[in-house]
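The values are calculated or read from the model by the stated rules, or taken from the named source; none is laboratory data. Computed from a predicted structure; not experimentally measured. In this analysis, Cβ positions are derived from the backbone assuming ideal geometry, glycine residues included, and neighbour counts consider all displayed protein chains. The accessibility values were calculated without ligands, DNA or RNA, using every heavy atom of the protein model including side chains. Shrake-Rupley method; radii C 1.70, N 1.55, O 1.52, S 1.80 Å.
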Amino acid sequence: MAKVLCVLYDDPENGYPTSYARDDLPHIAHYPGGQTLPTPQGTDFTPGHLLGSVSGELGLRAFLESRGHTLVVTSDKDGENSAFDRELPDADVVISQPFWPAYLTPERLARAANLKLAITAGIGSDHVDLDSAIEHDVTVAEVTFCNSISVAEHVAMMILSLVRNYLPSNQRVLDGGWNIADCVARSYDLEGMHVGTVAAGRIGLAVLRRLKPFDVHLHYTDRHRLPAEVEEELGLTFHPTTADMVPACDVVTVNAPLHPETEGMFNDELLATMKRGAYLINTARAKICDRDAIVRALESGQLAGYAGDVWYPQPAPADHPWRTMPHHGMTPHISGSSLSAQARYAAGTREILESWLDGTPIRPEYLIVQGGKLAGTGAHSYSVAKDRK
Ligand code: NDP
């Protein structure tokens with residue numbers, strides 16, 4: 001029988017909800033491009049309910065316990081004496097979410113003698129040291145596509161809110177004020193701007209599609225070029241590298257995974273090549289940007305705004321400089337954890353667990369590492385420090 005250790009974020013401060021703002025979720029037939037939504041044999045939760053916090057348990061308890069397995073759920077993930085560290089040595093499966101990541105470091109993986117499967121209930125498995133997972137033959141899987149559109153919507157929202165100076169204007173209303181000049185002195189139209197995405201995968205392409213009706217000039221860079229008909233349909237300008245693309249853009253959105261190629265990409269040198277007053281939106285991973293270089297660029301005016309929902313570490317400490325830097329539109333890590341997304345990644349997590357427990361193959365699109373090497377989506381989109389591909 002397996003022990004499944006699940007790390008989820010805390011319940012709301014006022015307790016687990018007993019009612020919700022809406023009664024149901026829209027039906028989505030399939031993801032863009034045709035990939036099917038998760039197809040578990042069953043679910044034990046109500047779509048639209050809070051599943052990603054501790055009491056939501058991703059809707060997994062009845063399923064696992066009915067098969068005789070053990071489920072341990074905790075939010076206590078950091079520090080040497082955390083519940084996560086205490087429970088890890090005999091866990092067979094670890095489930096974690098990027099929003100509240102249980103960092104599976106080389107040290108932790110070395111102590112997790114039973115660990116065979118690490119599931120990301122979401123997308124982005126950089127909280128797992130993939131080199132060590134390969135070394136210890138731990139399968140790493142994530143619920144590909146589950147929240148890609150959720151994030152793309154968040155990116156579109158953040159671009160508009162920065163360019164139009166929405167958040168400070170809303171704050172003025174909350175403060176009881178009405179100085180229009182103060183609100184509009186940093187407010188522009190997006191129309192006509194050049195917007196570029198670093199990576200045009202599931203999220204990046206969805207961002208491009210959502211921005212197209214705003215009559216902007218669209219740019220992208222990626223390791224693999226999009227089909228010519230997509231470039232033509234959206235009027236895309238391809239750039240072979242990020243360094244080549246960013247000087248042409250008024251707005252840059254980052255939609256690449258964090259891996260050795262992208263870590264620290266937006267540093268002082270790259271930021272200095274951007275247009276003065278450009279906007280940078282990063283909902284991918286914080287470490288793709290140099291934390292202090294972003295603060296310097298906002299303070300000098302090189303960047304007119306920075307927004308995103310990804311931080312390092314998570315949760316961000318109270319004194320993290322991105323909480324107080326000028327002209328930012330940061331949120332906690334929420335874009336991929338809407339109630340809509342939670343229903344999909346809870347179902348996808350169960351699908352992965354069912355496959356693994358039944359000894360049937362996990363969908364290749366969910367795989368990051370398997371059999372001691374990058375696999376499936378991981379082989380396409382990730383790289384590892386040591387060349388074990
Ligand atoms: P995909 O795998 O669909 O797309 C990632 C894209 O990044 C691929 O097209 C890949 O290229 C490209 N890429 C990888 N390395 C580079 C590089 N060095 N330069 C340019 N492009 C690169 O993933 P998603 O779009 O679904 O997600 C992207 C990332 O967004 C995730 O890895 C995660 O970190 C983050 N994310 C954040 C969420 C949030 O809540 N804030 C939620 C979900 C995801 P190719 O495959 O062509 O080689």
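Here are some notes:
- For segment 282-346 versus segment 42-77, the gap between their alpha-carbon centres in whole angstrom: 28 Å
- Over all directions, the projected convex hull of the C-alpha atoms in segment 204-295 averages 5.9 nm² in area.
- Helical contribution to [θ] at 222 nm, DSSP H n ≥ 4, -39,500 (n - 2.57), averaged over the chain, rounded to 500: -8000 deg cm²/dmol
- Whole-number D in µm²/s for the chain (Stokes-Einstein; Kirkwood sum over Cα pairs; 25 °C, 0.890 mPa s): 112 µm²/s
- Computed over segment 95-180, Kirkwood Rh from alpha-carbon pairs, angstrom: 15.8 Å
- Sorting Phe214, Phe99 by solvent-accessible area of protein heavy atoms yields Phe214, Phe99, largest first, with a 1.4 Å probe.
- Radius, Kirkwood style, for segment 259-375 when every pair of distinct Cα atoms is counted (Å): 16.7 Å
- FRET efficiency for Arg296 and Ser66, using Cβ-Cβ distance with R0 set to 45 Å, rounded to 0.05: 0.25
- Of all DSSP bridge pairs formed entirely within the chain, close to 10 percent run antiparallel.
- For the chain, the share of accessible area belonging to carbon and sulfur comes to 52 percent (1.4 Å probe, ligands and nucleic acids excluded).
- Charge context of Asp10, other residues only, Cβ under 12 angstrom, K/R +1, D/E -1: -2
- Among Ser300, Ser53, the order of accessible area from largest down is Ser300, Ser53, computed with a 1.4 Å probe on protein heavy atoms.
- Where a label projected 7 Å from the Cα of Arg86 along Cα→Cβ would reach, residues of segment 104-130 with amide N under 18 Å: 112
- Pairs of Cα atoms farther than 17 Å apart, segment 1-75, %: 58 percent
- Percent of Cα pairs in segment 1-149 per distance bin of 10 Å, from zero to the largest separation: 10, 38, 36, 15, 2.
- Ranking Thr70, Thr105 from most to least accessible surface, computed with a 1.4 Å probe over the protein chains only, gives Thr70, Thr105.
- Computed on the chain, with alpha-carbon pairs under 8 angstrom and 6+ residues apart, the relative contact order is 19 percent.
- Rounded accessible area per residue of segment 60-174, 1.4 Å, Å²: 37 Å²
- Cross-link pairs exceeding 22 Å in C-alpha to C-alpha distance, out of Lys3/Lys77; Lys77/Lys287; Lys77/Lys373; Lys116/Lys287; Lys212/Lys287, comprise Lys77/Lys373; Lys116/Lys287; Lys212/Lys287.
- Using a Förster distance of 51 Å, the FRET efficiency for Trp178-Thr273 (Cβ separation, nearest 0.05): 0.80
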